[in-house]
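The values are calculated or read from the model by the stated rules, or taken from the named source; none is laboratory data. Nothing here was measured: the structure is a model prediction, and the numbers come from that model. Note: ideal-geometry Cβ built from the backbone for every residue, glycine included; neighbour counts use all protein chains shown.
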Amino acid sequence: MADYLVKDLMVLAEDYASIPIDASILEGILALEQAQQRAFREDPERHRDRAVLVKDPQGEIIGKLSMWVIIGCLEPSYDRVAGGAASSMASSRSGSARAMMEEMVGASHLWRSRLRNIADETTHLKIRDLLHPPRNKELIDEGASLEKAIHQLVAGHFMSLLVTRDDRIVGILRLVDVFEAVCHKIRREDVGPRGGVRPATTE
């Protein structure tokens, strides 16, 4: 897979949905919805965007607003509940992952009181309230190899990485595009010189 570089697969920042950091959460949601509809109309072959790039007042990309972040803002106590549940479950060796998740959901009431008042709960929130500076593992240089990109995506369980050039964020690398590149390479390498499928080896 050495013939693929990140810059061959990335989506340039100017071709991706973006929003200023001072925008509201509602504006972020609308921007993401519009980006998905626009991309589908203009290029049916292009996969839908799952995030919105965030710009500072100078127009520089400083992060991204993902679907995970938007959904997570509906339950700000989740981290606190998760931490308490995790510590209590860790002290009991008989506790299962399923039991821990049930305890977390039950304690947070995520699908009960919170969602009934979803609009009121989020109207005061701004993008800047939720955005965190990208960590090193969320950034990748445009000249990096596909192997490195795969490692970062898999190790971090990320849906995308922010692509840098000379320490500036210039685009986004989406998991779906990496997946397609990998599939393309597998198909190409499994086809023999006459177009047939390469026979399986016994090695």
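Just a few scattered comments:
- Extreme residue, farthest from the chain's Cα centre (by Cα), among residues of the stretch 146-157 that are small (Gly, Ala, Ser) and surrounded by fewer than 16 Cβ atoms within 10 Å (Cβ to Cβ): 155
- All told, residue 153 falls short of being modelled with pLDDT under 85 and either outside the structural domain of residue 65 (by TED's automatic domain parsing) or part of a helix (DSSP H, G or I) (or both).
- Check on residue 168, of a type outside the set (Ser, Thr, Tyr), closer than 19 Å to residue 17 by Cβ, touching a residue at least 24 places away in the same chain (Cβ under 8 Å) and loosely packed, with under 14 Cβ neighbours inside 10 Å: yes
Listed here are the residues, each with its yes/no results for (1) touching a helix residue (DSSP H, G or I) at 6+ places or on another chain (Cβ under 6 Å); (2) in the same structural domain as residue 140 (by TED's automatic domain parsing); (3) at pLDDT 80 or above.
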site	(1), (2), (3)
32	no, yes, yes
44	no, yes, no
50	yes, yes, no
57	no, yes, yes
